[in-house]
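Presented below is the structure to which this report refers.
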Amino acid sequence: MNITHNLPDGLAISGNITPAFATIVTPEALAFFVKLARKFEPTRQTLLAARDARQKEFDAGVLPGFLVETKHIRDGNWVVASVPQDIQDRRVEITGPTDRKMVINALNCGANTFMADFEDSNCPTWYNMIDGQINLRDANLRTIRFEQNGKSYQLNDDPAVLFPRPRGWHLDEKHVTLDGKPVSGGLFDFALYFFHNIKTVLARSSGVYLYLPKIESHLEARLWNDIFIMAQQESGVPQGSIKGCVLIETIVAAFEMDEILYELRDHSAGLNIGRWDYIFSAIKKFRLNKNFCLADRSQVTMLAPFLRAYALTLVKTCHKRQAFAMGGMAAQIPIKNNPVANDAAFEKVRLDKLREVVDGCDGTWVAHPGLVAVAKAVFDEHMPTPNQIHKQRDDVHYTASDLLDFRPEAPITEAGVRNNIQVGIQYVGSWLGGNGCVPIFNLMEDAATAEISRSQVWQWIRSPKGVLDDGRKVSKEMVTALIADELCKTPAIVGDAAFQAGKYIEGAAMFEQLIMDDHYEEFLTLPAYRAIA
């Protein structure tokens with residue numbers, strides 16, 4: 001049923017408001033959101049238009065560089081404000097969506113923090129978004145419970161610290177309009193979470209801690225900072241009660257890391273190496289550049305020159321500014337009934353985390369509770385202190401050209417094309433069914449990795465360098481045939497029952513349409529969102 005609400009003037013909600021949902025979308029919370037939205041929506045639209053204008057420059061062959069007008073910020077001696085005690089040690093962070101069982105298990109798994117995701121590992125159905133808000137509220141209140149198959153789940157005595165991730169600036173909340181226009185999904189997520197949780201967390205000497213995704217410039221970081229200032233003023237809580245950790249997951253943001261930290265300096269919880277989205281961003285930004293072409297996704301590791309430069313520059317920049325430098329995602333998941341393969345997967349994780357801690361990262365991400373102990377053991381051995389912000393990387397000296405050293409370019413293989421297609425079919429099919437976090441080939445895939453798969457195939461078709469190692473040019477005809485073939489294999493991979501219950505046929509059709517359309521869709525989640533309730 002839909003509860004009748006006293007909605008603020010100009011606000012309309014098409015999503016079903018159950019009695020439980022009515023405790024989140026309260027008149028007071030919505031009035032708070034409307035005040036923020038009316039103030040900041042024009043700025044968001046201006047920044048999104050700036051993204052489009054800059055993309056036209058990239059399409060014409062322009063490459064990004066460090067900004068001349070902000071050199072004084074890069075050369076300055078400023079540092080960010082300190083963070084509260086409960087996030088001084090973030091050595092292992094687990095990520096995942098906000099369903100109730102996941103929230104409890106993630107908070108109990110031994111990780112230091114839980115990045116509770118309203119974005120890339122979440123399908124933004126109205127139910128998922130509001131139910132997630134309920135779950136995080138109850139987690140902060142320490143009242144969250146879950147019953148399933150006769151088993152009871154509840155929080156232990158020392159749960160992880162919550163770090164929700166609202167949606168990126170590009171995403172609207174289609175179930176809500178203000179003055180007849182769509183509203184920002186990220187601002188909607190933030191407003192509801194902040195409104196319902198700020199007093200609870202401050203009573204524990206904690207704060208509202210957030211991960212901020214998909215930022216492309218310091219001006220986009222400034223928008224978040226301005227929102228934080230107004231939210232705290234409106235709520236009568238001290239400035240600095242909010243801390244935001246920015247995911248550097250766009251290649252353009254890599255040239256503005258100092259500036260992003262500067263804009264958020266009173267509200268900063270550091271920067272994160274958002275590796276998968278970063279690769280996707282590089283492909284997207286330079287998709288029409290004839291000199292750009294990456295090898296099979298499996299070959300583009302953190303040892304690739306452009307990724308190595310990015311990671312070390314991030315650590316150096318953060319530590320110079322007394323900010324946290326957080327490592328990237330380990331997407332591996334435990335492999336049941338195959339000890340050899342499982343040991344190999346865990347060793348990959350261990351080596352990845354060893355590289356990060358030696359580089360100077362203050363913590364890292366895992367996608368599965370089974371990997372927490374592996375990552376923690378590495379950081380415990382090499383980082384005896386709560387963090388290693390004291391570890392300055394004055395030896396790191398990367399230039400703009402190093403950040404743009406896009407190797408490897410080969411090999412591109414049929415197996416690589418097929419893997420991208422199968423990941424795309426399974427992920428989009430699952431997403432259309434309401435699930436944004438999908439285990440595929442022993443990796444936990446989210447929208448970022450699906451975007452790499454989609455964007456690589458799109459670009460290989462159109463790039464003169466999109467040639468397989470056997471000499472064949474990747475073409476629309478080849479990809480159409482491979483999609484049909486891979487779809488036939490999908491039932492055997494996911495199981496007949498799961499295939500029948502899912503939307504894999506629709507997922508394959510959408511994936512193919514995105515690849516075949518010469519107009520590149522900026523995010524696959526945009527048309528996918530239009531296709532769900």
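The values are calculated or read from the model by the stated rules, or taken from the named source; none is laboratory data. If you're wondering where the values come from, they're calculated on a predicted model, not measured in any experiment. Cβ placement follows ideal geometry from the backbone for every residue including glycine, while neighbour counts extend to all protein chains displayed. What goes into the accessible areas is simple: the full protein's heavy atoms, side chains included, and nothing from ligands, DNA or RNA. Shrake-Rupley method; radii C 1.70, N 1.55, O 1.52, S 1.80 Å.
Stretch ALA497-LYS199 to full length: gain in nm at 0.36 nm per residue minus the Cα-Cα span?
Values: separation 298, 0.36 × 298 = 107.28 nm, distance 4.56 nm.
Roughly 102.7 nm would be gained on extension.
Sort out for me the Cα centre separation of segment 331-348 from segment 170-195, rounded to whole Å.
40 Å
Could you calculate the contour length gain from ARG142 to ALA377, that is, 0.36 nm times the residue separation minus the distance between their Cα atoms, to one decimal place in nm?
Details: separation 235, 0.36 × 235 = 84.60 nm, distance 2.81 nm.
Full extension of this stretch gives 81.8 nm more.
If you take the beta carbon distance between ILE335 and LEU7 as r and set R0 to 30 Å, what does 1/(1 + (r/R0)^6) give as a FRET efficiency, to the nearest 0.05? Display every interim value, and only then the final one.
Numbers: r = 49 Å, r/R0 = 1.64.
Once rounded, the FRET efficiency stands at 0.05.
So, for the chain, what is the accessible surface per residue at a probe of 1.4 Å, expressed in square angstrom?
On the way: 20280 Å² over 533 residues.
That works out to 38 Å² per residue.
Between SER401 and THR23, what is 0.36 nm times their sequence separation minus the Cα-Cα distance? Round to one decimal in nm.
On the way: separation 378, 0.36 × 378 = 136.08 nm, distance 5.17 nm.
Length gained between SER401 and THR23: 130.9 nm.
Which aspartates and glutamates, on any chain, are close to LYS353 with Cα under 13 Å apart, when same-chain ones fewer than 8 places away are left out?
GLU93, ASP362, ASP380, GLU381
Which whole-number percent gives the relative contact order of the chain, counting Cα pairs below 8 Å spaced six or more residues apart? Working shown, then result.
Numbers: 957 pairs, mean separation 84.9, N = 533.
Computed value for the chain: 16 percent relative contact order.
Quickly estimate the mean residue ellipticity at 222 nm for the chain, helices only: each DSSP H run with n ≥ 4 gives -39500 (n - 2.57), and the total goes over all residues, rounded to 500. If you can, show how the numbers build up before the last one.
Working: 18 runs with 248 residues, N = 533.
About -15000 deg cm²/dmol.
What FRET efficiency comes out for the pair ASP59/LYS39, r = Cβ-Cβ distance, R0 = 22 Å, nearest 0.05? It would help to have the intermediate numbers written out before the result.
Details: r = 33 Å, r/R0 = 1.50.
Between ASP59 and LYS39 the formula returns 0.10.
If you take the beta carbon distance between GLU234 and ARG472 as r and set R0 to 60 Å, what does 1/(1 + (r/R0)^6) give as a FRET efficiency, to the nearest 0.05? Intermediate results must be reported in sequence, preceding the final value.
On the way: r = 60 Å, r/R0 = 1.00.
About 0.50, to the nearest 0.05.
Ordering GLU263, GLU409 by how much accessible area each has at a 1.4 Å probe, largest first, what is the list? Mind showing how you got there, number by number?
Values: GLU263 20, GLU409 75 Å².
Sorted by accessible area, descending: GLU409, GLU263.
For the pair GLU506 and LEU526, how long in nm is the line joining their label points, each one 7 Å along Cα→Cβ?
Each label point lies 7 Å from its Cα, and together they span 2.1 nm.
What do you get for trypsin sites (Lys or Arg not before Pro) in segment 228-311 restricted to DSSP loop and a cutoff of at most 14 other Cβ within 10 Å of the site's Cβ? Working shown, then result.
Working: sites: LYS243, ARG265, ARG275, LYS284, LYS285, ARG287, LYS290, ARG297, ARG308; in loops: ARG265, ARG287, LYS290.
Counting only loop positions with at most 14 other Cβ atoms within 10 Å, the trypsin sites (Lys or Arg not before Pro) in segment 228-311 are LYS290.
Let me have the relative contact order for segment 53-160, percent, based on Cα pairs under 8 Å that are six or more residues apart. Could you put the intermediate results ahead of the total?
Details: 106 pairs, mean separation 26.4, N = 108.
Relative contact order for segment 53-160 comes out at 24 percent.
Collect residues whose amide H, placed 1.01 Å from N in the peptide plane, falls under 5 Å from the amide H of LYS243; neighbours closer than 5 in sequence don't count.
VAL208, TYR209, LEU210
What lysines does LYS285 reach when the alpha-carbon gap must be under 23 Å and sequence neighbours fewer than 8 apart in one chain are set aside?
LYS56, LYS214, LYS465, LYS473, LYS476
Would you mind counting up the charge near THR385? Only other residues with Cβ under 13 Å from its Cβ, with Lys and Arg at +1 and Asp and Glu at -1. Spell out each step's value before the answer.
Values: positive: ARG90, ARG91, LYS391; negative: ASP89, ASP362, ASP380, GLU381.
Net charge in that neighbourhood comes out at -1.
Please report the relative contact order for segment 320-375, taking Cα pairs under 8 Å with a sequence separation of at least 6, and give it as a percent rounded to a whole number.
Details: 64 pairs, mean separation 27.6, N = 56.
Averaging sequence separation for qualifying contacts and normalising by length gives 49 percent for segment 320-375.
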